[in-house]
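Shown next, in structure tokens, is the structure this report addresses.
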Amino acid sequence: MAGRGVDIVLGGQPPSNSKSKEKNNWQEKHDEVVRLGGLYVLGTEKHESRRIDNQLRGRSGRQGDPGESRFFVSLEDDLMRIFGGEQISKMMTFLNFPEDQPLTHSMVTKAIEQAQVKVEGFNFDIRKHLVD
């Protein structure tokens, strides 16, 4: 779900009718979800386009509501495998880093972003040459 036109209302959609009991129940649910921190968006892979990742990330914390997002990637994901996963894997081996240990480091974030920039540039060049 990239997110265009998708609004996820915390606590579910408010009732369309004006019965105060139903609206109060909805408001209680909504307030509880807000109190618990809002929507947590969990991405299981980075898209080749940063724009799509940002749209997914934007599903949380809409309209002033609280929310958080986190992405999990694998060195075996297409984006990482094609652009940079080998380099990170070699570094992890050199540093004797356990394979099953989560790796959170700005260097990894930067490698993912650079891979996305490469793919976006490649796709841009393809589109540019279609109209030439």
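Taken together, the values in this text are just the output of simple stated rules run on the coordinates, not laboratory data. Please read all numbers here as calculations on a predicted model, not as lab measurements. Reconstructed Cβ throughout: ideal geometry from the backbone, glycine too, with neighbour counts over all protein chains shown.
In sequence order, the stretch 67-83 has phi-based couplings of x, 8, 9, 8, 10, 10, 10, 10, 5, 8, 5, 3, 4, 6, 5, 7, 10 Hz under the Karplus curve 6.51 cos²θ - 1.76 cosθ + 1.60, θ = phi - 60°, and Gly or Pro positions carry x.
Compute for the chain: radius of gyration divided by Kirkwood radius, i.e. Rg/Rh, restricted to C-alpha atoms, rounded to two decimals.
Numbers: Rg = 20.2 Å, Rh = 17.8 Å.
Reported Rg/Rh (Cα atoms, Kirkwood Rh): 1.14.
Treating only the Cβ of Lys, Arg, Asp and Glu as charged (+1, +1, -1, -1), what charge dipole size does the chain show about its Cα centre? Round to the nearest 20 debye.
That gives the chain a dipole magnitude of about 520 debye.
What relative contact order, as a whole-number percentage, does the stretch 45-110 give when Cα pairs under 8 Å and 6 or more residues apart are counted? Mind showing how you got there, number by number?
Numbers: 33 pairs, mean separation 15.6, N = 66.
Over the stretch 45-110, the number comes to 24 percent.
Computed from backbone phi with θ = phi - 60° and the Karplus coefficients 6.51, -1.76 and 1.60, the 3J(HN,Hα) list for the stretch 86-93 is 4, 4, 5, 4, 4, 5, 5, 5 Hz; x is used for glycine and proline.
Taking each DSSP H run with n ≥ 4 as -39500 (n - 2.57) and averaging over every residue of the chain yields -15500 deg cm²/dmol at 222 nm. Close amide H contacts of Phe71 (hydrogens built in the peptide plane, cut-off under 5 Å, sequence separation of 5 or more or a different chain): Gly43. What the phi angles of the stretch 32-41 give under the Karplus curve with 6.51, -1.76 and 1.60, with θ = phi - 60°, is a coupling list of 5, 5, 4, 4, 7, x, x, 7, 10, 8 Hz, glycine and proline written as x.
Over the chain, calculate the relative contact order: mean separation of alpha carbon pairs under 8 Å at least 6 apart, over the residue count, as a percent.
Numbers: 129 pairs, mean separation 28.6, N = 132.
With pairs under 8 Å counted, the relative contact order is 22 percent.
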